[in-house]
1. For the list (1) more than 28 Å from N35 (Cβ to Cβ); (2) of a type in the set (G, A, S); (3) modelled with pLDDT under 95, I need the number of the one condition that S273 fails.
2. Scan segment 236-252 for residues that are without any contact (Cβ under 8 Å) to a residue 40 or more places away in the chain and on the phi < 0 side of the Ramachandran plot and jot them down.
3. Tell me, yes or no, whether segment 131-142 has at least one residue that is aromatic (F, W, Y), in a helix (DSSP H, G or I) and more than 18 Å from M159 (Cα to Cα).
4. Please go through segment 122-149 and pick out each residue that is over 20 Å from G85 (Cα atoms), in contact (Cβ under 8 Å) with a residue 40 or more places away in the chain and small (G, A, S).
5. Out of all the residues in segment 236-250, is one or more crowded, with 21+ Cβ neighbours inside 10 Å, closer than 14 Å to P186 by Cα, at pLDDT 95 or above and touching a Lys or Arg at 6+ places or on another chain (Cβ under 9 Å)?
6. Being surrounded by fewer than 24 Cβ atoms within 10 Å (Cβ to Cβ) and in a loop (DSSP other than H, G, I, E, B) is the requirement here; does Q114 meet it?
7. Report yes if S9 is within 21 Å of the chain's Cα centre (by Cα), surrounded by fewer than 17 Cβ atoms within 10 Å (Cβ to Cβ) and modelled with pLDDT under 95, otherwise no.
8. Determine if segment 66-79 includes at least one residue that is in contact (Cβ under 8 Å) with a residue 60 or more places away in the chain, among the small types (G, A, S) and touching a Phe, Trp or Tyr at 6+ places or on another chain (Cβ under 9 Å).
Amino acid sequence: MTLRNPLLSRRGWLGLASVFGLAALSGCSASGALNALVPSDSYTLRTDLAYGPQARQRLDVYLPLGRRAPGPVVVFFYGGSWTTGERETYRFVGEALASRGIAVVVADYRLSPQVKYPVFLQDSAQALRWTFENLDALGADPRQVFVMGHSAGAYNAAMLALDPRWLTGAGLKPAQLAGWIGLAGPYDFLPIGNRDVQVAFEWPGTPADSQPLVHASKNSPPALLLAARGDTTVNPVRNSEALARRLKTVGVPVELQVYDRVSHVTLVAALASPLRGLAPVLDDIARFIAQARA
């Protein structure tokens, strides 16, 4: 059943955002609440597809309706400090992009403490390889493949795009990407203070080349970096703004958008139809993809 929502006032947008943020902080299924509010008639869903033999090497696919020619596909990685996350809770991301004619792959990956860096990058690269191997089934153009992530997932996407080691290990190369999109990504986070992240990266033995910022080069694919100005989880100045400057310095096309009315959490939540009034996240992503493939 499709749920159609009346237009919300500015107070309504902010109220929903507050509920989402509070739910996330209290451990409730805020994503589940958002998923119940987004349309279900803008995509075809294929679930629990394996890209590897491990239990968490699974993905879901959102195919836009009515697409008559091969078009773009985005492989999305969620956040959660590399310790939590489930692909099912990001249906609102799949629906958002599918509603703009973009196929979406939402991939799980193995998490800490069961695995450590760089296993989650290796999994992410394998999910991207699966995507390239299934472009025909996805109705996707090999020249229009993008990676995208939020928070820890933006780190995964950045490393696939910037550090050739991970895609080379999967038989691919960053030059095959039309571009990449990072939402509130940590791109320069040494030393590590967060205990969960310390475990995931085996701090203090974390190698310096684990940081996306050091891999920015003239060969990097085009980038769209989105951040919340008031983000208290991932500092936008040290991370998104610094990486944008580095990419510009080496001549890579990069666009930086820093929004005022969202937080670390509601930045990605603004993709959901009930919260799109908070920031033009979906519009900016769709425009970047359209320009990158033009």
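1. The number of the failed condition is (1).
2. The first filter runs over segment 236-252 and keeps only residues without any contact (Cβ under 8 Å) to a residue 40 or more places away in the chain, leaving 237, 241, 244-252.
Of everything in segment 236-252, those that are without any contact (Cβ under 8 Å) to a residue 40 or more places away in the chain and on the phi < 0 side of the Ramachandran plot turn out to be V237, E241, A244, R245, R246, L247, K248, T249, V250, V252.
3. no
4. G139, A140
5. Taking every residue of segment 236-250 in turn, at least one turns out to be crowded, with 21+ Cβ neighbours inside 10 Å, closer than 14 Å to P186 by Cα, at pLDDT 95 or above and touching a Lys or Arg at 6+ places or on another chain (Cβ under 9 Å).
6. Here the answer is yes, as Q114 does meet what is asked.
7. no
8. Yes, segment 66-79 contains at least one residue that is in contact (Cβ under 8 Å) with a residue 60 or more places away in the chain, among the small types (G, A, S) and touching a Phe, Trp or Tyr at 6+ places or on another chain (Cβ under 9 Å).
The values are calculated or read from the model by the stated rules, or taken from the named source; none is laboratory data. Owing to the predicted nature of the structure, the values given are computational and were not obtained by experimental measurement. Every residue, glycine as well, gets a Cβ built from its backbone with ideal geometry; the counts of neighbours run over all protein chains shown.
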